[in-house]
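For reference, the structure is listed below as structure tokens.
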Amino acid sequence: MKKTRSHWSVPTIAYEGPGATNALAFRHYNPDELIDGKTMSAHMRFSIAYWHSFRGTGSDPFGPGTILRPWEKGTDAVSIAKVRMDAAFEFFQKIRAPFWCFHDRDIAPEGSTLAQSNKNLDAIVAHAKDLQKATGVKLLWGTANLFSNPRFMCGASTNPDAHVFAYAAAQVKQAIDVTKLLGGENYVFWGGREGYETLLNTNLKREQDHLAAFLHMAVDYAKSIGFKGQFLIEPKPKEPTKHQYDFDVASGIAFLRTYGLESHFKFNIETNHATLAGHTFQHEIEVAAAQNMLGSIDANAGDLLLGWDTDQFNTDVKELTLAMTSILRAGGLGSGGFNFDAKLRRPSIDADDLFHAHIGGMDAYALAFKLARKILADGKFESFVADRYASFDTGFGQDIEQRRIGFKELNKLVLGKLGEPKPKSGKQEYLENLLNTYLHD
């Protein structure tokens, strides 16, 4: 493949250790460090979100974009898209991320017809395939943008117009095709407008039935073409719609089980979406892990003073350590990874800001990974929790868990030898202090 000119003046980011003073170096993420026979790069499986990093302009509801990149020049949209992708893959290499992610309309311009859009996408995907081969960067997942175009203003698979449903199905078919072609290890469904603004004009049950039919069609199509990637649902409670049907992990699990889809899907959990749903990041991970449905992570954070999706880079080591502890306890993410679905702040317009943002996020997750491993290895929290539930390990407690006992037997026990329970402290303050010993030592 023809060598392209460099688009970045920043050198490849090196690991310089916790004492590093170089702002353009890793302090905690050492991609080549071996841990339990795997490199840290293989453990973390970091991915760069194409939409924010290479399509984000710094725009917000109150003003146009502020970020201008030098490759965004020309009149031919496909040619611009190829140069943009060259810049993107150079960035992936310099930031030392092994994966990337995209929506179909991120990487290729939409045409006036679906046929033209597909032609544009095929041209860019061919270019991406060459770049993946040349760089070794892999595709973590692909997806389709079923929310930006005005045709999807009332949803895609939940749209009241069957024509829009059909268009969305055709678009997702193509997106699954190109994800398979690029070796994508997962495929994500984010129902950006799969919800409602008002129930005055909505048949909620019918819309949910249609969403389930759409997902069953996707499962059937993937089988027909031999796509082996994991299907993922990305929950979000609101924004852009007032109420979205994939509100959180728990409602997502209920939906999948109601419609017989639970064996085909896991969850791509986003930190900012968790907090918008009124949960912690760790809570959503635990709910998914409890049902063996933890799939992947969109690594970002929201601003708790704002009630919308700010998609900031997460550098909260405490929050990430708690999340990492739950992820490692669950056995990891399998084919998933940590995708930086995060964007620069509106005033961060310099090229090196993109590097600083990802360095901060990668270092924070890497440090959290190390702290979580130590927490689990020490076993102090695990022992405390095990002891707290020890009454269910033997005797009538074990009978309760194994459903060998009922109300009559328990009533007799309490009226007889058991009597009144003795309160036991949950020791929350002790445990919070214990956590701080790991974070601050």
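The values are calculated or read from the model by the stated rules, or taken from the named source; none is laboratory data. All figures in this text were calculated on a predicted structure; none of them were measured in a lab. Here Cβ is always computed from backbone atoms with ideal geometry, including for glycine, and neighbour counts include all displayed protein chains. Side chains included, ligands, DNA and RNA excluded: accessible areas come from the protein's heavy atoms. Shrake-Rupley method; radii C 1.70, N 1.55, O 1.52, S 1.80 Å.
With respect to (1) exposed (fewer than 11 other Cβ atoms within 10 Å of the Cβ); (2) under 22 Å from Leu431 (Cα atoms); (3) among the charged types (D, E, K, R), the lone exception for Arg403 is condition (2).
Anything in the stretch 42-79 that is in a strand (DSSP E or B) and open to solvent by 30 Å² or more (accessible area, probe 1.4 Å)? List them, or say none.
Restricting attention to the stretch 42-79, the residues satisfying the condition of being in a strand (DSSP E or B) are 46-49, 60, 63.
Matches in the stretch 42-79: Asp60 only.
Considering only residues in the stretch 7-34 that are among the hydrophobic types (A, V, I, L, M, F, W, C) and open to solvent by 50 Å² or more (accessible area, probe 1.4 Å), the one that is nearest to Ala364 (Cα to Cα) turns out to be Ala23. Asn145 fulfils the conditions (1) assigned to a helix (DSSP H, G or I); (2) under 14 Å from Gln171 (Cβ atoms) except for a single criterion, (1).
If the condition is being more than 25 Å from Tyr167 (Cα to Cα) and among the basic types (Lys, Arg), then the stretch 110-136 contributes Lys129, Lys133.
Pick out the one residue from Lys82, Lys94 that is assigned to a helix (DSSP H, G or I) and either in contact (Cβ under 8 Å) with a residue 60 or more places away in the chain or more than 27 Å from the chain's Cα centre (by Cα) (or both). Quick ask: steps written out before the conclusion?
On the way: Lys82 fails: either in contact (Cβ under 8 Å) with a residue 60 or more places away in the chain or more than 27 Å from the chain's Cα centre (by Cα) (or both).
Only one candidate qualifies: Lys94.
Condition check ((1) without any contact (Cβ under 8 Å) to a residue 40 or more places away in the chain; (2) open to solvent by 20 Å² or more (accessible area, probe 1.4 Å); (3) charged (D, E, K, R); (4) assigned to a helix (DSSP H, G or I)) across all residues:
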residue	(1), (2), (3), (4)
Phe214	no, no, no, yes
Lys223	yes, yes, yes, yes
Pro235	no, no, no, no
Ile253	no, no, no, yes
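Considering only the stretch 304-318, I want to know if a residue exists there that is in a helix (DSSP H, G or I) and in contact (Cβ under 8 Å) with a residue 12 or more places away in the chain. Yes.
Working only within the stretch 12-53, note down all residues that are among the basic types (Lys, Arg) and at positive phi.
Narrowing the stretch 12-53 to residues among the basic types (Lys, Arg): 27, 38, 45.
Arg45, the sole residue that qualifies.
The set of residues in the stretch 132-154 that are open to solvent by less than 40 Å² (accessible area, probe 1.4 Å) and touching a residue at least 60 places away in the same chain (Cβ under 8 Å) comprises Leu140, Trp141, Phe147. Take Asp316 and decide whether it is at pLDDT below 95, under 30 Å from Leu434 (Cα atoms) and either open to solvent by less than 10 Å² (accessible area, probe 1.4 Å) or among the acidic types (Asp, Glu) (or both). Considered against the rule, which asks whether it is at pLDDT below 95, under 30 Å from Leu434 (Cα atoms) and either open to solvent by less than 10 Å² (accessible area, probe 1.4 Å) or among the acidic types (Asp, Glu) (or both), Asp316 comes out as no. Yes or no: the stretch 289-301 includes at least one residue that is aliphatic (A, V, I, L, M), under 18 Å from Thr143 (Cβ atoms), at pLDDT 95 or above and buried (at least 24 other Cβ atoms within 10 Å of the Cβ). Yes; the residues of the stretch 289-301 include at least one that is aliphatic (A, V, I, L, M), under 18 Å from Thr143 (Cβ atoms), at pLDDT 95 or above and buried (at least 24 other Cβ atoms within 10 Å of the Cβ).
Quick check on my filter: what residues within the stretch 177-206 are more than 30 Å from Ser335 (Cα to Cα) and in a strand (DSSP E or B)?
Applying the first criterion (more than 30 Å from Ser335 (Cα to Cα)) to the stretch 177-206 yields 196-206.
Tyr196 - this is the single residue of the stretch 177-206 that is more than 30 Å from Ser335 (Cα to Cα) and in a strand (DSSP E or B).
The lone criterion from (1) over 18 Å from the mean Cα position of the chain (by Cα); (2) open to solvent by 10 Å² or more (accessible area, probe 1.4 Å) left unmet by Phe189 is number (1).
Could you check, for the stretch 363-386, whether at least one of its residues is polar (S, T, N, Q), without any contact (Cβ under 8 Å) to a residue 40 or more places away in the chain and either surrounded by fewer than 17 Cβ atoms within 10 Å (Cβ to Cβ) or not in a helix (DSSP H, G or I) (or both)? There is at least one residue in the stretch 363-386 that is polar (S, T, N, Q), without any contact (Cβ under 8 Å) to a residue 40 or more places away in the chain and either surrounded by fewer than 17 Cβ atoms within 10 Å (Cβ to Cβ) or not in a helix (DSSP H, G or I) (or both). Across the stretch 259-271, the qualifying residues are those that are outside any loop (DSSP other than H, G, I, E, B) and in contact (Cβ under 8 Å) with a residue 40 or more places away in the chain, and the one among them that is surrounded by the most Cβ atoms within 10 Å (Cβ to Cβ) is Asn268. Apart from one condition, Tyr196 fits all of (1) closer than 20 Å to Pro160 by Cα; (2) out of contact with any strand residue (DSSP E or B) (no Cβ under 8 Å at 6 or more places or on another chain); the exception is (2). Filtering the stretch 177-200 to residues that are out of contact with any His (no Cβ under 6 Å at 6 or more places or on another chain), closer than 22 Å to Asn159 by Cβ and of a type in the set (Gly, Ala, Ser) leaves Gly191, Gly192. Got at least one residue in the stretch 422-431 being of a type in the set (Gly, Ala, Ser) and surrounded by 10 or more Cβ atoms within 10 Å (Cβ to Cβ)? Yes, because at least one residue in the stretch 422-431 is of a type in the set (Gly, Ala, Ser) and surrounded by 10 or more Cβ atoms within 10 Å (Cβ to Cβ).
Listed by first and then second residue, the pairs linking a residue in the stretch 50-73 that is under 19 Å from Pro109 (Cα atoms) and touching a residue at least 12 places away in the same chain (Cβ under 8 Å) to a residue that is assigned to a loop (DSSP other than H, G, I, E, B) and among the charged types (D, E, K, R), with Cβ atoms under 6 Å apart and 6 or more places separating them unless they lie on different chains, are His52/Lys343; Gly56/Lys343.
Residue-by-condition table, conditions (1) at pLDDT below 95; (2) within 18 Å of Phe102 (Cβ to Cβ); (3) in a helix (DSSP H, G or I); (4) open to solvent by 10 Å² or more (accessible area, probe 1.4 Å):
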{"residue": "Ala323", "(1), (2), (3), (4)": "no, no, yes, no"}
{"residue": "Ile327", "(1), (2), (3), (4)": "no, no, yes, no"}
{"residue": "Ser335", "(1), (2), (3), (4)": "no, yes, no, yes"}
{"residue": "Ala342", "(1), (2), (3), (4)": "no, yes, no, no"}
{"residue": "Arg345", "(1), (2), (3), (4)": "no, no, no, yes"}
{"residue": "Asp353", "(1), (2), (3), (4)": "no, no, yes, yes"}
{"residue": "Gly360", "(1), (2), (3), (4)": "no, no, yes, yes"}
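Tallying residues that are in a helix (DSSP H, G or I) and of a type in the set (A, V, I, L, M, F, W, C) within the stretch 99-122 yields 4.
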